[in-house]
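The values are calculated or read from the model by the stated rules, or taken from the named source; none is laboratory data. Everything numeric in this text was worked out from a predicted model, so none of it was measured. Positions of Cβ are backbone-derived with ideal geometry, glycine not excepted, and every protein chain shown enters the neighbour counts. Just the protein is used for accessible areas: all its heavy atoms, side chains included, with ligands, DNA and RNA removed. Shrake-Rupley method; radii C 1.70, N 1.55, O 1.52, S 1.80 Å.
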Amino acid sequence: MNLPLFFSARFWVTLADQFLLFVVPLVVYQVTQSVAWSSLAFAIETIPRVAYTPFSGIVADFYSPLKTVRAMMLTRMLLCFAAIGFNFIFVDEATLYILIILASLTGLAAAQSFISYEVLLPLVFKNIAFAKIQSWNQSVDKAAIILGPLLAAFLVEYSQWQYAIIAAGIIYFIGQVCFSMAVRSYQCEYQSDESKKHKN
């Protein structure tokens, strides 16, 4: 597995997750001028993510973590662009509901993606100490957790909220490209190792 590409994918996807986690309550407050609605949006965004986590482990046991991570990246990217599409159709009338639904669904996908990533780590980095892999993983996550809200605040302050959601979709896409390239290199390495075993 290509380490830089793999952890680049992790960084971009976590960045987009944290970006949305921060931007949705912020935009809800801008739209409603209500702290209560903003808090509710954050709760609706967070509760499904936390409540689904135990079930995400079951899914990770039954389905390929590689395919699951890819699917969750694609799902979140499409949800961002779908939110923009629905906002274009319904204009400002449904903005609040669109954002809350986007937040809850991306939260569920983020929970599944996180657990599938954790399952994937020891499988693809068998020759590297797991403590070292987790250390790199945590460093990438912490950097994304810090930068995500900063980027979200900047975009919401200086542009319309729709551009912030589009930016999140683009960030997910970048993460998906990095992950696909990392997986391709891993599959090539795996096939090469298998062919050597058969020759021996």
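Yes or no: residue 9 of a type in the set (Gly, Ala, Ser) and closer than 14 Å to residue 173 by Cα?
Numbers: of a type in the set (Gly, Ala, Ser): yes; closer than 14 Å to residue 173 by Cα: yes.
Spelling it out, residue 9 is indeed of a type in the set (Gly, Ala, Ser) and closer than 14 Å to residue 173 by Cα.
Being surrounded by 15 or more Cβ atoms within 10 Å (Cβ to Cβ), without any contact (Cβ under 8 Å) to a residue 24 or more places away in the chain and assigned to a helix (DSSP H, G or I): is that true of residue 97 here?
Numbers: surrounded by 15 or more Cβ atoms within 10 Å (Cβ to Cβ): no; without any contact (Cβ under 8 Å) to a residue 24 or more places away in the chain: yes; assigned to a helix (DSSP H, G or I): yes.
No, not satisfied.
Spot the failing condition for residue 26; the list is (1) more than 18 Å from the chain's Cα centre (by Cα); (2) under 22 Å from residue 153 (Cα atoms); (3) at pLDDT below 85, and only one is missed.
Condition not satisfied by residue 26: (3).
Among the candidates 5, 20, which residue alone is closer than 30 Å to residue 125 by Cβ, modelled with pLDDT of 85 or more and touching a Phe, Trp or Tyr at 6+ places or on another chain (Cβ under 8 Å)?
Details: 20 fails: touching a Phe, Trp or Tyr at 6+ places or on another chain (Cβ under 8 Å).
Of the residues listed, the single one that is closer than 30 Å to residue 125 by Cβ, modelled with pLDDT of 85 or more and touching a Phe, Trp or Tyr at 6+ places or on another chain (Cβ under 8 Å) is 5.
Starting from residues that are among the aromatic types (Phe, Trp, Tyr) and either open to solvent by less than 60 Å² (accessible area, probe 1.4 Å) or touching a helix residue (DSSP H, G or I) at 6+ places or on another chain (Cβ under 7 Å) (or both), keep the ones in segment 112-145 and report whichever is farthest from residue 74 (Cα to Cα).
Filtering segment 112-145 for residues among the aromatic types (Phe, Trp, Tyr) gives 114, 117, 125, 130, 136.
Those still in the list that are either open to solvent by less than 60 Å² (accessible area, probe 1.4 Å) or touching a helix residue (DSSP H, G or I) at 6+ places or on another chain (Cβ under 7 Å) (or both) too: 117, 125, 130, 136.
Working: 117: 15, 125: 24, 130: 28, 136: 24 Å.
Among residues in segment 112-145 that are among the aromatic types (Phe, Trp, Tyr) and either open to solvent by less than 60 Å² (accessible area, probe 1.4 Å) or touching a helix residue (DSSP H, G or I) at 6+ places or on another chain (Cβ under 7 Å) (or both), the one farthest from residue 74 (Cα to Cα) is 130.
Between a first residue in segment 1-19 that is more than 17 Å from residue 42 (Cα to Cα) and a second residue that is of a type outside the set (Gly, Ala, Ser) and not in a helix (DSSP H, G or I), which pairs have beta carbons less than 7 Å apart while being 6 or more apart in sequence or on different chains?
Between residues of segment 1-19 that are more than 17 Å from residue 42 (Cα to Cα) and residues that are of a type outside the set (Gly, Ala, Ser) and not in a helix (DSSP H, G or I), the close pairs are 1/125.
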